[in-house]
Amino acid sequence: MSDSTFDPAWDAVDATAIEVADFEGGKHYKQNTVHLVVLDGTYYEMGRQYGHLLKEQIHWQLGELRKEFLEQPVGVNPKGHPAPLMSYEELQGVILSGFEKAKPYGHKQMVRGAAETAGLSYEEMTMMDHMLQVVIYSAGVSMCTSAACWGGSSKDGRLYTGRNHDFGTAWRDRLATAGVLVVMNRTGAEISVAYPTRVGQVTSAIDLMNSKGLYVEFNNSDTVRPSALPTMMPAMDNVALQLLEDYTSVDELDVIVPHLTSNDALLMLAADPTRARYFELAPHKSVATDPELGGGQMTARANIALSPEWGRNPDDYPERAVAFSGHRRGHFVDFLSKDPSKNDDAAIRKYLDREISRDGDVGDGSAAILESFIGLPGEYTAYQTVTVPAERKLFWRIPTHSPWLEFDLKQYFANS
């Protein structure tokens, strides 16, 4: 079995982003295949900047979203992709009646500003902002893996995170055109926030870092996922931005997050420059878990909730489809545990370059899924991130489309 991917040269590309446009104080850069927008102003002003600077990509992405996931309410869509469980009109009604109402006023203003300059209706822009929920509710796909190490479990004591975000090959392919790193420098705020996501997701993301070095990311928690996902509550990928705008440490999230509930069952990795932990979230409760590895200085998840409070045995799920299996977490844990003195961002990037399977053999590879070896269309790694919170540094790779791209967020954050 080969562990190589399309690009054996895993080192990050430290190229300077090239400015391609500016509008009303916002700036649009390109680095390799990825867009970078730096927004400065009120929520409404930042929204106007976003919509204008990314107008072409927003319209393209909306068309692709409708074509890929929302063509027909039953049957099978082209290329074997799962057919929607709801029509576009049904989904719009659900999202506008629940998720949109729960969005903070400022975030609504940001979406409104983006709609105006992008030339979309507010309703269309809201659907774009919630596109992750649109895909989950229409096609039911989502997977992921992640881990963190620090202290005695890392090379120099710094904290490092790594993750695979899985969704589907089409989701990944779209990122080659519509991947965007958003930096929000809101007027009057003391904290800036950055998040890699898809064009159109204005105030929602599942990987975020702020200028204080707080980082969060979310994975599907398949073992406690409800059969019917609620919508009359905030969407967690918008709540994530709210948390990063207001909090600076895992200590603070320790107080806040256990009192939250989530519209989906999720594993939330929270990390700052000194420590990390997972929160396991569901629509009816949330649980804080202690780091389970490396003497309390390493932790990892792969779609399986580990807290005994759920009343589930994690070992009951190891061989379910590889995307949700214990194999993926086990590989990450084995790698980080083998020689902690070598664990840093470069080592994690190199590890994430390896695939979990080639030609149907799970073997001893990494956790990245670059080919569908069990015939399910949703099982692909769409993007990967590695972070160094102490340095406000984020690495982003879109497998099969880009090398590792390095972003020193300090040079874009205005509020610190």
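Here the relative contact order of the chain, from alpha carbon pairs under 8 Å that lie six or more residues apart, stands at 21 percent. Couplings for segment 222-228, taken from phi via the Karplus curve 6.51 cos²θ - 1.76 cosθ + 1.60 with θ = phi - 60°, read 5, 6, 10, 6, x, 6, 10 Hz in order; Gly and Pro are left as x. Of all DSSP-defined beta bridges confined to the chain, some 90% are antiparallel rather than parallel. Computed from backbone phi, the HN-Hα couplings of segment 242-253 come to 4, 4, 6, 6, 10, 10, 10, 8, 5, 3, 5, 5 Hz, rounded to whole numbers (Karplus: 6.51 cos²θ - 1.76 cosθ + 1.60, θ = phi - 60°; Gly and Pro given as x). Phi-derived couplings, Karplus 6.51 cos²θ - 1.76 cosθ + 1.60 at θ = phi - 60°, listed residue by residue for segment 390-401: 4, 9, 6, 10, 10, 10, 9, 9, 10, x, 6, 10 Hz, with x used for Gly and Pro. Taking all protein chains together and rolling a 1.4 Å probe, TRP60 ends up with roughly 90 Å² accessible.
Among SER416, SER204, the sequence by solvent-accessible area, most first, with a 1.4 Å probe is SER416, SER204. For ASP166, nonlocal amide neighbours, meaning residues 5 or more places apart or on other chains whose placed amide H falls under 5 Å from its own, are MET143, CYS144, THR145, ALA382. Exceedance of the 19 Å cut-off in Cα-Cα distance is limited, within the set LYS30/LYS67; LYS30/LYS212; LYS155/LYS350; LYS30/LYS108; LYS27/LYS410, to LYS30/LYS67; LYS30/LYS212; LYS30/LYS108. Using a probe of 1.4 Å on the protein chains alone, the accessible area found for LYS55 is around 90 Å².
Restricting the trypsin sites (Lys or Arg not before Pro) of segment 218-303 to loop positions (DSSP other than H, G, I, E, B) with no more than 16 neighbouring Cβ atoms within 10 Å leaves LYS285. For VAL239, the accessible surface of its heavy atoms amounts to roughly 20 Å² (probe 1.4 Å, protein chains only, rounded to the nearest 10).
Amide H to amide H, with H built 1.01 Å from N, LEU370 comes under 5 Å of ILE356, SER357, THR381, counting only residues 5 or more places away or on other chains.
Using bins of 10 Å that start at zero, the share of Cα-Cα pairs per bin across segment 185-319 amounts to 12, 42, 34, 10, 1, 0, in whole %. Extents of segment 245-304, largest first, come to 31, 29, 15 Å (Cα atoms, principal axes, whole angstrom).
The values are calculated or read from the model by the stated rules, or taken from the named source; none is laboratory data. Being a predicted model, the structure only gives us computed values, none of them experimental. Note: ideal-geometry Cβ built from the backbone for every residue, glycine included; neighbour counts use all protein chains shown. Heavy atoms of the whole protein, side chains included, go into the accessibility calculation; ligands, DNA and RNA do not. Shrake-Rupley method; radii C 1.70, N 1.55, O 1.52, S 1.80 Å.
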